[in-house]
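The next block holds one structure in the form of structure tokens; read it before the comments.
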Amino acid sequence: MMEPTTHNVVAGNLQVSTAFFPAADLPGVGGMVLNTIIATRDGVIFYVHSTKMQASSCNSFDHLIPASTASSANTTPESGHSTNAAAPPADRPGNVLTLRPHPNIIILIPELAAVCNVLLHIVYGMSCERFLPSIETFSAALQCLRRYGISIPDEDATIWTLIANHAPEHPMQVYLIGATYLIESVCVLASPYTLDIPVLQNMVDQDAIAMGAIYLRRLLLLHAELPETLRGITIVPPKEHVSCTVTIQEAIPIAWRDAVANLLRRPQVQATQVDLIEEVLGSVVGVTHCGKCNDHVRSRVVEVTEAWAVVQRTI
């Protein structure tokens, strides 16, 4: 699914954010002037408050916002404004362009508009849900936070819910993001969806390092323990029907053992569904013509499926 556009074309190649535009009513700024423009490498501009950016960043947005512009944001056009903003550092040519005589500045950043959009929604504490960012966009935006001196959002921030919503389609990417930023709830939600894929085959060294030892161990244990749990649940054969002949009594456990082995050697056994258990173990019904024996098999299949259905499938 394509992400909804984050911008409108207003004149020629000029594109303005649909969330951060000149008349945008942004939260937590108390009527301050939108005195700063952030321009992305794909030609989209975002209007923001230098004071808000300064307050949200420990390094003045990667040292791109001159300190003097923050104070100018506290004045309105009607009440006047401070003198020209300080020039950008000489060793950062082209990154900051001071517009004279106004206090506005334009910051040029290497990120795409979709990434900048998520980044600024984090800064302003807003939800970017309506833009439907992809998991790749979320990942790129979070990676930018350190560079721009912005703190990782708290675990109860909306962004983590939006990221977790991608778990059914992108379980490993979502789990990796949750583990990288130590967001327990995201990892827990994503973990059952990882059961459908071979984790080790879909993990490179870089991902394992970013995930960290604790969350990597928990994920691998989940994948290793579930097959053993299923083995323990299924190992006991159906109850014997003592009235039957020895031959029939021996046939049921043998058929059950073979069915269990067939079940446990299937790919991604940790993701085994109840209907598959019913199909595989249920095949033991009919090994004999004894109705009582078959009833015992059916009863045992129900016991297995009920026990498996309540097994925890999260880290």
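Quick notes on this one:
- Which listed residue is surrounded by fewer than 18 Cβ atoms within 10 Å (Cβ to Cβ), at pLDDT below 90 and more than 19 Å from G149 (Cα to Cα), from G80, G43: G80
- Listed by first and then second residue, the pairs with beta-carbon distance under 9 Å, at least 6 apart or on different chains, first residue in region 275-290 and over 16 Å from A261 (Cα atoms), second part of a loop (DSSP other than H, G, I, E, B), are T288/H241; T288/C244; C290/H241; C290/S243; C290/C244.
- Residues of region 223-242 classified as over 14 Å from A307 (Cα atoms) and touching a helix residue (DSSP H, G or I) at 6+ places or on another chain (Cβ under 6 Å), total: 6
- All positions within region 196-222 that are surrounded by fewer than 19 Cβ atoms within 10 Å (Cβ to Cβ), touching a helix residue (DSSP H, G or I) at 6+ places or on another chain (Cβ under 6 Å) and in contact (Cβ under 8 Å) with a residue 60 or more places away in the chain: D196
- The residues of region 5-26 that are of a type in the set (G, A, S) and either loosely packed, with under 11 Cβ neighbours inside 10 Å or at pLDDT below 60 (or both), listed by number, are A11, G12, A23.
- Considering the conditions (1) assigned to a strand (DSSP E or B); (2) at pLDDT below 90, V29 is excluded by exactly one of them, (1).
- Of all the residues in region 241-266, those that are touching a Pro at 6+ places or on another chain (Cβ under 8 Å) and not hydrophobic (A, V, I, L, M, F, W, C) number 2.
- Pairs where the first residue, in region 242-265, is touching a residue at least 40 places away in the same chain (Cβ under 8 Å) and under 21 Å from K292 (Cα atoms) and the second is part of a helix (DSSP H, G or I) and not aliphatic (A, V, I, L, M), C-beta under 8 Å, 6+ apart: S243/K292; C244/K292; C244/C293; I248/C293; I252/C293; I252/H296; W256/R300
- Top-ranked residue of region 56-77 - restricted to ones that are farther than 21 Å from P22 by Cβ and assigned to a helix (DSSP H, G or I), ranked as modelled with the lowest pLDDT: S68
Rundown of residues vs (1) outside the structural domain of H166 (by TED's automatic domain parsing); (2) among the hydroxyl-bearing types (S, T, Y); (3) closer than 20 Å to A157 by Cβ, yes/no style:
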position	(1), (2), (3)
A179	no, no, yes
T194	no, yes, no
V199	no, no, no
M203	no, no, no
I214	no, no, no
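The values are calculated or read from the model by the stated rules, or taken from the named source; none is laboratory data. Predicted model, so just to flag it, every value in this text is computed and none were measured. Heads up, the Cβs are rebuilt from the backbone with ideal geometry, glycines too, and the neighbour counts pull from every protein chain shown.
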